[in-house]
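The values are calculated or read from the model by the stated rules, or taken from the named source; none is laboratory data. Predicted model only: the values in this text are computed from it and were never measured. Note: ideal-geometry Cβ built from the backbone for every residue, glycine included; neighbour counts use all protein chains shown. Each accessible area value is taken on the protein alone, full model and side chains, heavy atoms only, with ligands, DNA and RNA left out. Shrake-Rupley method; radii C 1.70, N 1.55, O 1.52, S 1.80 Å.
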Amino acid sequence: MTSSDGVDDEKRATLRRFAAVGASTPLAGLSTTASAESGDSDARDAITGYLSTTPGAHFSKIRDDLQLGTGETQHHLRRLEDADTIEQYSDGDYKRFVLADRFDEFEKQALGYLRRETPRGMLVELLANPDATAGDLAEALSVSAPTVSKYAGELEEAGLLSREGGYTVERPTTVLLLVVRHADSFDERATQVAHNADQYLNYDAELDTDPNTV
């Protein structure tokens, strides 16, 4: 259904839902100021709200989930970047977006892989079961052993996984906290692990530091 001003009602409801979240963030003023002259505060606050709950989302997901046009999405993202409200980073073929100054480089890498089904499944399973083997992961995720090996190599290259003496998540507490904070934007297994996070939070916690900040 379309209202008298030509805006689809479902789209309006989606924008308002995320705009309410965006308006409650510390960056809400910047988002609104950046859009005041064009009257686009709902769309930009919606993007800000969306990224507060779904950090690391790529361009197409933002566009599709918020029911925006391609040009419209590009325009609003660019204006929000210009206002230092959000930032983008490259992740292979994807451009991903997060709220500005919220995540370090490791966390942005982790969010990128947590947004991909199989790598996310591997990380989540290893958080829940640090002794899981490649075979265990393949069985849990219903994928082949070569698929596990392929993504394990990518995760290791990204600094998220060690393959020395088995598979070990790097900075596991940091990765687990990302899963806990944003579980609703992942999947059912991530949500399940998040609900039981207290069982895993001490897993190598003393080693869970960024070596670049020590």
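Computed quantities for the displayed model
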{"read-out": "Rounded if a/c under 1.5, otherwise prolate or oblate - region 69-155, Cα gyration tensor axes", "value": "prolate"}
{"read-out": "Nearest-10 value in Å² for the accessible area of H58, using the 1.4 Å probe", "value": "40 Å²"}
{"read-out": "Mean projected area (nm²) of the alpha-carbon convex hull when region 106-199 is viewed from all directions", "value": "5.3 nm²"}
{"read-out": "Probe 1.4 Å, all protein chains present, accessible-area order of E81, E170, largest first", "value": "E170, E81"}
{"read-out": "Size of electric dipole in region 106-199: Cβ of Lys, Arg +1 and of Asp, Glu -1, about Cα centre, debye, nearest 20", "value": "260 debye"}
{"read-out": "Accessible surface of F97 - all protein chains present, 1.4 Å probe, nearest 10 Å²", "value": "10 Å²"}
{"read-out": "Local electrostatic count at A145 - Lys and Arg +1, Asp and Glu -1, tallied over other residues with Cβ under 12 Å", "value": "-1"}
{"read-out": "Environment charge of A194, counting only residues whose C-beta is closer than 12 Å and scoring Lys/Arg +1, Asp/Glu -1", "value": "-2"}
{"read-out": "For K95, solvent-accessible area (1.4 Å; no DNA, RNA or ligand), Å²", "value": "120 Å²"}
